[in-house]
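Okay, structure first, notes after.
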Amino acid sequence: MKSFASDNYAGVLPEVMQALTDANQQHARSYGADDITERVRKQFREVLDADVDVYFVFNGTGANVLSISSATQSYNSVLCADISHIYNDESSAPETFTGCRFFPLASNENGKLTADVIKQRLIRKGDIHYAQTKLLSLTQSTEYGTVYTPDEIKELTTLAKAHGLYTHVDGSRFFNAAAGLGCQLKDLTTHAGVDILSLGGTKAGMMFGEAVAVFNKDLKEHIAYKHKQSMQLASKTRFIAAQFEAMLRDDTWRKHALHANAMAQLLSQSISQYPQVRVTKSVQANAVFAELPASWNETLQAKYPFYIWKEATNEARLMCSFDTADEDIISFAAMMKDLV
């Protein structure tokens, strides 16, 4: 079965599977004290062009919780998009573990936060009756599959710094964003003023695991302890690190992310030929959002599962992965033709 439901449905990249096999040959020190993990941390510093601290975690929610908790106290608040994953799709985990108040801000038609919207919430500084704002969280690529450009991120991080806020990037599909923009990972982080990044690996083709990269030295003091406290410190860290080594080596991530993005473009073009279908968002990464007749759902989902993002308009979210093939899209579009 192939699916357009989520890139989480896809399997594991062959390069990653080989890296896991290679890491499995010998004993190694635990809890990140092994040679592989140290080597990959150096690799991160080279790729990001910064003296980053890197922490490997089990999952995306863990990466976000660790990132946010390292930059906040329980009396703080976090600003995020109203459609963001940390606000809508991680249950109450971020608020429960950080103790922070999360304020959802209205995202624009492209799913992005703008400086004007953020400024409206930069209020009541020093008021003990108000959860003090300390962190701005951005999602890259956004929940709508659109991407922030380096200049857009720089504008928002500059605004955040001017008001004493840190900037976190939830990058569960960060590789797809960078591939879509044709830029380097450092262009969207180090050079754009980001303080901490949750870098996704699982959706990009890893078996499991994400990474937290800390750019701001002010956030480095406590995060190692929080790594353990948040139950995200793996005893066999090398098996997460080895996967990232495979992803970062020779820009392996870019090759596969470009393919997933290209498949999304093809999917958008293929289904747009039917007047009953309306692609609602610009396709900039590996997601296609489209309104289609609700009567089509059962037939299409039986063979190619996907999620309905907005029930009121039957807007579907269609995700492409590193293993999405031309024939999957051709077959899916042919099914639509039969339904027409």
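Is it fair to say Ala242 is in contact (Cβ under 8 Å) with a residue 40 or more places away in the chain, assigned to a helix (DSSP H, G or I) and surrounded by 15 or more Cβ atoms within 10 Å (Cβ to Cβ)?
Details: in contact (Cβ under 8 Å) with a residue 40 or more places away in the chain: yes; assigned to a helix (DSSP H, G or I): yes; surrounded by 15 or more Cβ atoms within 10 Å (Cβ to Cβ): yes.
Yes.
Results for (1) in contact (Cβ under 8 Å) with a residue 60 or more places away in the chain; (2) among the hydroxyl-bearing types (Ser, Thr, Tyr); (3) under 26 Å from Gly205 (Cα atoms), shown as yes or no for each residue.
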site: Val283; (1), (2), (3): yes, no, yes
site: Asn286; (1), (2), (3): yes, no, yes
site: Ala290; (1), (2), (3): no, no, yes
site: Ala294; (1), (2), (3): no, no, no
site: Glu298; (1), (2), (3): no, no, no
site: Ala302; (1), (2), (3): no, no, yes
site: Ile330; (1), (2), (3): yes, no, yes
site: Ala334; (1), (2), (3): no, no, no
site: Val340; (1), (2), (3): yes, no, no
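Could we say that Lys125 is more than 18 Å from the chain's Cα centre (by Cα) and assigned to a loop (DSSP other than H, G, I, E, B) here? Spell out the reasoning first.
Working: more than 18 Å from the chain's Cα centre (by Cα): yes; assigned to a loop (DSSP other than H, G, I, E, B): yes.
Taking the combined requirement at face value, the residue satisfies it.
Taking region 15-51 as the region of interest, how many residues are closer than 25 Å to Asp218 by Cβ and in a helix (DSSP H, G or I)?
Selection size over region 15-51: 11.
Can you list residue pairs whose Cβ atoms sit under 8 Å apart, with the first residue in region 251-265 being under 16 Å from Gly201 (Cα atoms) and the second being acidic (Asp, Glu) and buried (at least 23 other Cβ atoms within 10 Å of the Cβ)? Count only pairs 6 or more apart in sequence or on different chains.
Close Cβ pairs (under 8 Å, with a partner that is acidic (Asp, Glu) and buried (at least 23 other Cβ atoms within 10 Å of the Cβ)) amount to Ala260/Asp7.
Rundown of residues vs (1) without any contact (Cβ under 8 Å) to a residue 24 or more places away in the chain; (2) surrounded by 20 or more Cβ atoms within 10 Å (Cβ to Cβ); (3) not assigned by TED's automatic domain parsing to the domain that holds Lys281, yes/no style:
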position: Tyr31; (1), (2), (3): no, no, yes
position: Ala50; (1), (2), (3): no, no, yes
position: Ser67; (1), (2), (3): no, yes, yes
position: Cys80; (1), (2), (3): no, yes, yes
position: Ser84; (1), (2), (3): no, yes, yes
position: Ala93; (1), (2), (3): no, no, yes
position: Gly99; (1), (2), (3): no, no, yes
position: Ala115; (1), (2), (3): no, no, yes
position: Ile123; (1), (2), (3): yes, no, yes
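Quick test for you: out of Thr146, Thr157, Thr133, Thr167, pick the one residue that is part of a loop (DSSP other than H, G, I, E, B), modelled with pLDDT of 95 or more and either surrounded by 18 or more Cβ atoms within 10 Å (Cβ to Cβ) or not assigned by TED's automatic domain parsing to the domain that holds Phe215 (or both). First the steps, then the outcome.
Details: Thr157 fails: part of a loop (DSSP other than H, G, I, E, B); Thr133 fails: part of a loop (DSSP other than H, G, I, E, B); Thr167 fails: part of a loop (DSSP other than H, G, I, E, B).
Step by step, each of Thr146, Thr157, Thr133, Thr167 is checked, and only Thr146 is part of a loop (DSSP other than H, G, I, E, B), modelled with pLDDT of 95 or more and either surrounded by 18 or more Cβ atoms within 10 Å (Cβ to Cβ) or not assigned by TED's automatic domain parsing to the domain that holds Phe215 (or both).
Does Ser74 satisfy the condition of being small (Gly, Ala, Ser) and in contact with a Gly (Cβ under 6 Å, 6 or more places away or on another chain)?
Values: small (Gly, Ala, Ser): yes; in contact with a Gly (Cβ under 6 Å, 6 or more places away or on another chain): yes.
Yes.
Go through Ala224, Ala178 for me and flag whichever is part of a helix (DSSP H, G or I) and under 16 Å from Ala285 (Cβ atoms).
Ala178
I need the full set of residues from region 120-142 which are out of contact with any helix residue (DSSP H, G or I) (no Cβ under 7 Å at 6 or more places or on another chain) and either among the charged types (D, E, K, R) or farther than 17 Å from Ala71 by Cβ (or both), in order please. Give the steps one after another, and end with the answer.
At the first step, the residues of region 120-142 found to be out of contact with any helix residue (DSSP H, G or I) (no Cβ under 7 Å at 6 or more places or on another chain) are 120-133, 142.
Within region 120-142, Gln120, Arg121, Ile123, Arg124, Lys125, Gly126, Asp127, Ile128, His129, Tyr130, Thr142 qualify.
Residue check, Ser235 against (1) among the small types (Gly, Ala, Ser); (2) out of contact with any Leu (no Cβ under 9 Å at 6 or more places or on another chain); (3) not assigned by TED's automatic domain parsing to the domain that holds Ile36, all met but one. Which one?
Result: Ser235 passes all but (3).
Residues being out of contact with any helix residue (DSSP H, G or I) (no Cβ under 6 Å at 6 or more places or on another chain) and farther than 17 Å from Ala285 by Cα: count how many of those fall in region 310-325.
Of the residues in region 310-325, 5 are out of contact with any helix residue (DSSP H, G or I) (no Cβ under 6 Å at 6 or more places or on another chain) and farther than 17 Å from Ala285 by Cα.
For region 181-208, which residues satisfy the criterion of being in contact with a Ser or Thr (Cβ under 7 Å, 6 or more places away or on another chain) and either crowded, with 19+ Cβ neighbours inside 10 Å or in a loop (DSSP other than H, G, I, E, B) (or both)? So that I can check it myself, show each step before the final result.
Pass one, region 181-208, residues in contact with a Ser or Thr (Cβ under 7 Å, 6 or more places away or on another chain): 181, 192-198, 200, 203, 208.
The answer is Ala192, Gly193, Val194, Asp195, Ile196, Leu197, Ser198, Gly200, Lys203, Phe208.
To keep it simple, each residue is scored yes or no on (1) farther than 30 Å from Lys134 by Cα; (2) touching a helix residue (DSSP H, G or I) at 6+ places or on another chain (Cβ under 9 Å); (3) free of Cβ contacts under 8 Å to residues at least 24 places away in the same chain; (4) surrounded by fewer than 23 Cβ atoms within 10 Å (Cβ to Cβ).
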| residue | (1), (2), (3), (4) |
| --- | --- |
| Asp7 | yes, yes, no, no |
| Gln26 | yes, no, yes, yes |
| Arg39 | yes, yes, no, yes |
| Tyr55 | no, yes, no, no |
| Ser70 | no, yes, no, no |
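List the number of the failed condition for Thr61; all other conditions in (1) surrounded by fewer than 18 Cβ atoms within 10 Å (Cβ to Cβ); (2) in contact with an Asp or Glu (Cβ under 8 Å, 6 or more places away or on another chain); (3) of a type outside the set (Phe, Trp, Tyr) hold.
Result: Thr61 passes all but (1).
The values are calculated or read from the model by the stated rules, or taken from the named source; none is laboratory data. Remember, predicted model here, so these are calculated numbers, not experimental data. Every residue, glycine as well, gets a Cβ built from its backbone with ideal geometry; the counts of neighbours run over all protein chains shown.
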